[in-house]
Amino acid sequence: MTDTALAPDPAPRRGLLRVLVLLPVLVFAALAGLFLYRLRDGHDPQTLPSALIGQAVPSFRLPPLEGLRSPGGTAVPGLAAGDLRGDRVTILNVWASWCAPCRVEHPHLMALASDPSVRLVGIDYKDKPETARRFLGTFGNPFAAVGFDELGRAGIELGVYGVPETFVIDRAGTIRHRHVGPLTPETLPAFMDRVKAAAR
């Protein structure tokens, strides 16, 4: 018997190598196709599905951010779900001092705070009081109220994936829209359309 008769057939090994080489290319092509499909179908990547749209804000009660004062020197109050009902649309922003995108959107929140047709409130998410106060002291405080969510429980109730996230809440306390990621000059017009729709 010759040595060639004992040698394994290399064909199956070559076939396996071909599959292993082509697999990343096929996965990339599938992901690229999905991405293009989502872009063309008009899907906003900053809008995540939420079971809470059209529902009342879940119950929560958060203490104030200790030591936070308004420009007039009065203590800025904490936040509870019942505070989100009233005579104006409420914009609820979930933020943190450690969040880099929160710094990007902060000037836009400062501008929104000057709009008398809305009330802007915030939830400080999994933060430290001293760094949160320093953040607002440096960049300005746009919020009429700030709830301190040290453990992230209110964030869990709201289905928050990460910060920043911003909710539009109508006068009855019903969540009408959820924006994921920072508010930017590009996203603000569509966001404000949602605010106006909630005011009707």
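The values are calculated or read from the model by the stated rules, or taken from the named source; none is laboratory data. Predicted, not measured: the structure shown is a model, and the values here were computed from it. FYI the Cβ positions are ideal-geometry reconstructions off the backbone, even for glycines, and counts take in every protein chain you see.
The sole residue among ARG119, ARG103, ARG133 that is in contact (Cβ under 8 Å) with a residue 24 or more places away in the chain, within 18 Å of VAL195 (Cα to Cα) and charged (D, E, K, R) is ARG119. Considering the conditions (1) modelled with pLDDT under 90; (2) not assigned by TED's automatic domain parsing to the domain that holds GLU157, GLY72 is excluded by exactly one of them, (2).
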